[in-house]
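The values are calculated or read from the model by the stated rules, or taken from the named source; none is laboratory data. All figures in this text were calculated on a predicted structure; none of them were measured in a lab. Cβ coordinates were reconstructed from backbone atoms using ideal geometry, including for glycine residues, and neighbour counts include every protein chain displayed. Surface accessibility is based on the protein's heavy atoms, side chains included, excluding ligands, DNA and RNA. Shrake-Rupley method; radii C 1.70, N 1.55, O 1.52, S 1.80 Å.
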Amino acid sequence: MLKIWGNADSINVQKVLWCCEELALPYERIDAGRHYGVVNTAEFRRLNPNGLVPTIDDDGFVVWESGTVLRYLAAKHGAGSLWPDDVVARAEVDRWIDWSNSTLWPAMVPIFRAFLRTPEHERDDNLIEAARSETLEAMHILDAHLEGRAFVGGERFTMGDIALGCAVWRWMTLPIEREELPQVQRWFDALSKREAYRKVVMLPLV
Ligand SMILES: N[C@@H](CCC(=O)N[C@@H](CS)C(=O)NCC(=O)O)C(=O)O
């Protein structure tokens, strides 16, 4: 059976869990990372020398980097659904996986750390505001892209929505001021109706 190392609260692990749930793939999740440790053991480092989660083992084939894991699982099990057959349509959703990891989530990380990992008296309001403003700029890009599209890749739900949906849940949940972004809100409302999103992503932030 597919093995997934990573704690269920981690944004990058949630992408993989959500993907498996959408594809109805059986998996075994093994607690690893943060307070669970494991990632610094020699045994784990042989699987992933970065000591990071998610890391998966699919019948002896090990994959890490959440975007790559998404692509691998979607290509293997989600052809024509999560994984568009057409190369242009695929590149369209692929870019949002990378954008989520390279732009949206890095912009949001300081806000996440401030509220979830920093004692209140040590929080830097200027840092939070700078990160909020940078994230908002990225969210406007997403909002504009979603104009006239049901999902990031067009009419169908794909792996691009999975990658973005995990970050956007955090944006929607962190205790910050949010501007109205009508397209993002509509898309988020559609994601919120998906059982798998509610089950593995729409959880309290810790
Ligand atoms: N670029 C990697 C980042 C992975 C990553 O930073 N994972 C975090 C959890 S979200 C981690 O393993 N942190 C160390 C730990 O939890 O001990 C990916 O997308 O998979």
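Remarks
- The range 48-62 - residue that is more than 8 Å from the ligand (Cβ to nearest atom) and in a loop (DSSP other than H, G, I, E, B) and, of those, farthest from residue 197 (Cα to Cα): 49
- The range 8-47, subset over 18 Å from the mean Cα position of the chain (by Cα) and near the ligand (Cβ under 9 Å from one of its atoms), residue farthest from residue 195 (Cα to Cα): 40
- No other residue among 107, 130, 114 is in contact with a Lys or Arg (Cβ under 6 Å, 6 or more places away or on another chain) and under 30 Å from residue 35 (Cβ atoms) apart from 114.
- Residue check, residue 55 among the polar types (S, T, N, Q) and outside the structural domain of residue 185 (by TED's automatic domain parsing): yes
- Residue in the range 115-130 that is closer than 27 Å to residue 6 by Cα, of a type outside the set (D, E, K, R) and exposed (fewer than 14 other Cβ atoms within 10 Å of the Cβ) present: yes
- Scan of the range 53-89 for residues that are aliphatic (A, V, I, L, M), buried (at least 19 other Cβ atoms within 10 Å of the Cβ) and out of contact with any Pro (no Cβ under 8 Å at 6 or more places or on another chain), ordered by number: 53, 56, 63, 70, 73, 74, 82
- Complete set of residues in the range 21-47 that are open to solvent by 80 Å² or more (accessible area, probe 1.4 Å) and either of a type in the set (Lys, Arg) or outside any helix (DSSP H, G or I) (or both): 24, 26, 28, 29, 34, 40, 45, 46
- Reported count of residues in the range 60-94, each being touching a residue at least 60 places away in the same chain (Cβ under 8 Å) and closer than 16 Å to residue 156 by Cβ, is 11.
- Taking each residue of the range 133-162 that is more than 14 Å from residue 188 (Cα to Cα) and looking for partners that are modelled with pLDDT of 95 or more and of a type in the set (Ser, Thr, Tyr) with beta-carbon atoms closer than 6 Å, six or more apart or interchain, yields 138/103.
- Flag for residue 95 being open to solvent by 40 Å² or more (accessible area, probe 1.4 Å) and within 13 Å of the ligand (Cβ to nearest atom): no
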